[in-house]
């Protein structure tokens, strides 16, 4: 199967040596995604707003490799305060209420930028791959 690496061109991808997304055949894996844009600006100061921004960012990356949010089969959410799980859960439900991927949410002690409250990664399987 052919491998496709997708990069958004951020300095972090080159410095750390990772891709935003990797597609191998119908399988797509997205790196952990935060609410930072390409210039390092953090969008939102609460978990819900950050999660909404992150899911939009994930959707754009999926589209770049030929996938859609409806192809997502697994979501992993890392939060710095599990007491605010409902805010992240609400954003997740708005995006995946009909898709219903398997999902995990865990509390971690911190993320790279202290302003980040949430980091999310997804795996997808593209339902129909053009031959």
Fill in the blank from the handout: Those residues of region 90-131 which are in contact with a strand residue (DSSP E or B) (Cβ under 8 Å, 6 or more places away or on another chain), modelled with pLDDT under 95 and under 27 Å from residue 2 (Cα atoms) amount to none
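Test residue 77 against the criterion of being surrounded by 13 or more Cβ atoms within 10 Å (Cβ to Cβ), closer than 14 Å to residue 32 by Cβ and within 13 Å of the chain's Cα centre (by Cα), and give yes or no.
On the way: surrounded by 13 or more Cβ atoms within 10 Å (Cβ to Cβ): yes; closer than 14 Å to residue 32 by Cβ: yes; within 13 Å of the chain's Cα centre (by Cα): yes.
For residue 77, the condition - surrounded by 13 or more Cβ atoms within 10 Å (Cβ to Cβ), closer than 14 Å to residue 32 by Cβ and within 13 Å of the chain's Cα centre (by Cα) - is met.
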Completion exercise
Log entry, pairs with first residue in region 24-35 being at positive phi and crowded, with 16+ Cβ neighbours inside 10 Å, second being at pLDDT below 95 and part of a loop (DSSP other than H, G, I, E, B), beta carbons closer than 8 Å, six or more apart or on different chains, reads none
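Name the residue, out of 109, 61, 103, that is free of Cβ contacts under 8 Å to residues at least 60 places away in the same chain, under 14 Å from the mean Cα position of the chain (by Cα) and closer than 25 Å to residue 40 by Cα. Give the steps one after another, and end with the answer.
Details: 109 fails: under 14 Å from the mean Cα position of the chain (by Cα); 103 fails: closer than 25 Å to residue 40 by Cα.
Of 109, 61, 103, the one residue that is free of Cβ contacts under 8 Å to residues at least 60 places away in the same chain, under 14 Å from the mean Cα position of the chain (by Cα) and closer than 25 Å to residue 40 by Cα is 61.
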Exercise for the section: May I ask you to list the residues in region 41-55 that are surrounded by fewer than 16 Cβ atoms within 10 Å (Cβ to Cβ) and free of Cβ contacts under 8 Å to residues at least 40 places away in the same chain? Expected result: 41
Exercise for the section: State which residue is modelled with the highest pLDDT when the search covers only region 1-16 and only residues that are in a loop (DSSP other than H, G, I, E, B) and touching a helix residue (DSSP H, G or I) at 6+ places or on another chain (Cβ under 8 Å). Expected result: 7
Practice task
State which residue is farthest from residue 68 (Cα to Cα) when the search covers only region 90-99 and only residues that are touching a residue at least 24 places away in the same chain (Cβ under 8 Å) and in a helix (DSSP H, G or I).
Solution key: 90
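The values are calculated or read from the model by the stated rules, or taken from the named source; none is laboratory data. For clarity, every value in this text was computed on a predicted model and none was experimentally measured. All Cβ positions, glycine included, derive from the backbone under ideal geometry; neighbour counts span all protein chains shown.
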